Amino acid sequence: MFSKVLKHDFISTGRIMGVIYLIVAGITAVTLGSHYLKKGEEMAVGEALGVAALLLVSMCMFILTAVVVLTDFHKSLYGERGYLTFTLPVKSWKILLSKVLVSTIWFVIALAALFGSMWVTVVVLKEEVLGENYDTIMGLISQFSTVKISSFVASVVAKIIVFFVEFAFFTVTIFFTSTLANTRLFQKRSVLWTIVLFIPIAVVTVKLAEFINERLVFSIFFVDDKIKLVTDNFEYQSLLLNNNGIDIGELFVYFILGAGIFVATHYIMSKKINIK
Amino acid sequence: MGNALLQVKNLKKSYGDHQVLNGINFKINPGMIVGLLGPNGCGKTSMIKSIVGLINDYEGEILIEGEHPGVESKKAIAYLPEKNYLPAWMTPKSAIKYMADFYENFNKEKAYSMLKAFDLPENQKIKTMSKGMQEKVQLLLVMSREAKLYILDEPLGGVDPVARDFIMETIMKNRFENSSILLSTHLIYDIEGILDRVLMIKGGELEVDTDVKNVIDHNMTVEDLFKEVFRNVF
């Protein structure tokens, strides 16, 4: 049944997100098309406008994603659609978990789109526009060719996990705020309260995460194609500057805090909310 | 009264200081059609929302086939709320697919035959439909469930007398065999003939819980009884 909830959550949010990504794909096609079809060295108008539009849309992607997932969350749970959602034969925590997972995946896709648009920018602008920066970027990219493929894959997978956990933490914080804003005290102006309450809640949770992280050094670094576990703060600081690493401790803190916020959200959602 | 399908014990619910339900007790047996009657704001919808699992912070106990509201009770109950609960982007076709995905007891063939009988376009977005058409879509989704208990909250509210007859006919024709119906309304005249039992809520308390036969035995109609009970309310 959980897979069905996931499927319908993807359909519900995907209708809007799909349109946004179609626009991104369209702009990318126009930009790259103008680049490869141009005659002469001068930059084509299509290219310039395309790059500008692509970077703008990609940077706005996080805001657009946040708006779409929050709107869907609010409408499908606390709006009139809640009458349908909460009478489905599915445990309420699964409904919440599905929304967190689907939203997190949209955020990860938004990040991938941002990287993709940056790659298109590099391809199109090349050295004549990027100047020295182009060499730096190409130098960074060429470094990957010397790295073992297994280390590269491990590093990418690890980074995806990091982004996933951090976006999931962000998502669950937004959902907690929205849920709190739909309790009796704030329900009349729930949208406004969601915005107002989000800032202090996000600050408190992030500060709490930072507070714990400072006292917990437990990281993995990829050093010379090998995985190195680091628990010493001095070593951590020195490796942080030069190597590709993952702060497992930080990840763990975000995961535990996120799980706590999830449980709190579910409690309020299932015990304290009367749908309008 | 052996195996009650629905049992409500000492149900209390308040919104802040406002007590809307104050110690409600009743049972519904399989096959019964029960009218839940009372003026607007008397607590009918709060009680229904507690039974279907939309309200959880109540006092007392609700048992559906002996179990508290949860996944199993949601499989057994087909609920028609007052509100239009379908997403605006859905079409009747996608709504049927959605319900069939979640409810094993959803009869797709029945849903499509009702769609045809109601003369509803299967690919038109629900948001572009008239209110009457939207209500028909919701009704067919509920009545296509082979449920044990249909809970219908004001299905006759805001529709003309001809539409009321149509709705009642649809409900009676399409209910699953030996299922029970809990029907909330304040339009007693339209449902009086089909009811087995009536519950009347006044000021958050169950004022009347009786068989319709008893009412008739006292040379009264349900409407007469309603007027007598709620005479001082209006």
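Just a few scattered comments:
- Meets criteria (exposed (fewer than 15 other Cβ atoms within 10 Å of the Cβ) and either under 30 Å from A:R184 (Cα atoms) or within 14 Å of chain B (Cβ to nearest Cβ) (or both)) for A:V67: yes
- Look at (1) over 15 Å from the mean Cα position of the chain (by Cα); (2) closer than 15 Å to B:L5 by Cβ; (3) within 11 Å of chain A (Cβ to nearest Cβ) and you find that B:I62 fails only one, number (3).
- Only one of B:K75, B:K49 that is in a helix (DSSP H, G or I), in contact (Cβ under 8 Å) with a residue 24 or more places away in the chain and within 14 Å of another protein chain (Cβ to nearest Cβ): B:K75
- Qualifying residue in segment B:208-215 (condition: surrounded by 22 or more Cβ atoms within 10 Å (Cβ to Cβ) and among the hydrophobic types (A, V, I, L, M, F, W, C)): no
- Members of segment B:100-109 found to be buried (at least 16 other Cβ atoms within 10 Å of the Cβ) and closer than 11 Å to B:L140 by Cα, listed by number: B:F106, B:N107
- Sole exception among (1) within 14 Å of chain A (Cβ to nearest Cβ); (2) farther than 19 Å from A:T87 by Cβ; (3) assigned to a loop (DSSP other than H, G, I, E, B) for B:G31, by number: (1)
- Residues that are among the β-branched types (V, I, T) and within 14 Å of chain B (Cβ to nearest Cβ) within segment A:93-124 comprise just one, A:I95.
- The one condition from (1) in contact with a His (Cβ under 9 Å, 6 or more places away or on another chain); (2) part of a loop (DSSP other than H, G, I, E, B); (3) more than 25 Å from B:L6 (Cβ to Cβ) that B:P121 does not meet is (1).
- Residues that are within 12 Å of the chain's Cα centre (by Cα) and either buried (at least 19 other Cβ atoms within 10 Å of the Cβ) or at pLDDT 90 or above (or both) do occur in segment B:155-165.
- Scanning segment B:85-99 for residues that are crowded, with 16+ Cβ neighbours inside 10 Å and within 16 Å of A:I16 (Cβ to Cβ) gives B:P87, B:M90, B:S94.
- Test: residue in segment A:74-92 that is away from chain B (no Cβ under 14 Å) and either part of a helix (DSSP H, G or I) or modelled with pLDDT under 90 (or both): no
- Number of positions in segment B:110-154 that are more than 16 Å from the chain's Cα centre (by Cα), surrounded by fewer than 22 Cβ atoms within 10 Å (Cβ to Cβ) and in contact (Cβ under 8 Å) with a residue 12 or more places away in the chain: 16
- Residue tally, condition over 23 Å from the mean Cα position of the chain (by Cα) and within 8 Å of chain A (Cβ to nearest Cβ), over segment B:84-103: 1
- Set B:G23, B:G16, B:G38: member being over 20 Å from A:E80 (Cβ atoms) and buried (at least 23 other Cβ atoms within 10 Å of the Cβ): B:G38
The values are calculated or read from the model by the stated rules, or taken from the named source; none is laboratory data. These numbers were taken from a predicted model, which means no experiment stands behind them. Using ideal geometry, Cβ is built from the backbone for each residue, glycine included, and neighbour counts are taken over all protein chains shown.
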